[in-house]
Amino acid sequence: MKFEKTGLEDQTIELSYLDDIMKDVGLVRAGQWDYERVTYDKKIEIQDDVYYLRVQGYAVAGDVGARHAFIKLLPPLLGKHYYPHGVEYGEGETFPSSLVTQCERTLKQAYEEIRVLTSQSKSVTE
């Protein structure tokens, strides 16, 4: 499931700030990066099912490995994990409404933190 119009998509933010914001809202980067891309995940377990809220981005400048990069975010995804195959995001997936609501709250919180940070940095440069 792709979340549309969250405000996160197309945001560009410096990696160290992004890491802090995502950690604050429960999204973890861990080892999910390469020199050009990052993935933040929030694992959510409901009964015997495992879901992942995923926010991905790619470097528009700099190097993720050197921790000096500006990351442009993509639309967030929600997927269900199937052992041993991995996470499926397909149109045929159904997600509990409480899970979708929880994910929307997390994404809104991340967006608000990014918005506050970017408005502060704009006022400093003006």
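A few points about this structure:
- Scanning region 88-101 for residues that are under 15 Å from the mean Cα position of the chain (by Cα) and open to solvent by less than 60 Å² (accessible area, probe 1.4 Å) gives a single hit, V100.
- Test: residue in region 96-104 that is under 19 Å from K2 (Cβ atoms), assigned to a loop (DSSP other than H, G, I, E, B) and out of contact with any Gly (no Cβ under 8 Å at 6 or more places or on another chain): yes
- Scanning region 26-43 for residues that are exposed (fewer than 15 other Cβ atoms within 10 Å of the Cβ) and either touching a His at 6+ places or on another chain (Cβ under 6 Å) or not in a strand (DSSP E or B) (or both) yields A30, G31, Q32, D34, Y35.
- Restricting attention to region 66-78 and to residues that are surrounded by fewer than 18 Cβ atoms within 10 Å (Cβ to Cβ), in contact with a helix residue (DSSP H, G or I) (Cβ under 8 Å, 6 or more places away or on another chain) and not in a loop (DSSP other than H, G, I, E, B), the residue that is modelled with the lowest pLDDT turns out to be H68.
- Which numbered condition A110 misses (of (1) touching a Pro at 6+ places or on another chain (Cβ under 8 Å); (2) touching a residue at least 40 places away in the same chain (Cβ under 8 Å)): (1)
- Hits in region 44-65 (condition: open to solvent by 20 Å² or more (accessible area, probe 1.4 Å) and either under 12 Å from the mean Cα position of the chain (by Cα) or touching a residue at least 60 places away in the same chain (Cβ under 8 Å) (or both)): Y52, R54, Q56, Y58
- The set of residues in region 51-65 that are part of a loop (DSSP other than H, G, I, E, B) and of a type in the set (V, I, T) contains only V64.
- Neighbours by Cβ (under 8 Å, 6+ apart or cross-chain): first from region 6-25, over 17 Å from T106 (Cβ atoms) and open to solvent by less than 20 Å² (accessible area, probe 1.4 Å); second outside any strand (DSSP E or B) and of a type outside the set (G, A, S): L15/V64; L15/R67
- For region 66-107, a tally of residues being among the charged types (D, E, K, R) and without any contact (Cβ under 8 Å) to a residue 12 or more places away in the chain returns 3.
- Among the numbered conditions (1) open to solvent by less than 60 Å² (accessible area, probe 1.4 Å); (2) under 15 Å from D10 (Cα atoms); (3) modelled with pLDDT of 95 or more, the only one that T118 does not meet is (3).
The values are calculated or read from the model by the stated rules, or taken from the named source; none is laboratory data. Being a predicted model, the structure only gives us computed values, none of them experimental. Please note: Cβ atoms are built from the backbone with ideal geometry, for glycine as well, and neighbour counts cover all protein chains shown. Note: areas computed on protein heavy atoms with side chains; ligands, DNA, RNA excluded. Shrake-Rupley method; radii C 1.70, N 1.55, O 1.52, S 1.80 Å.
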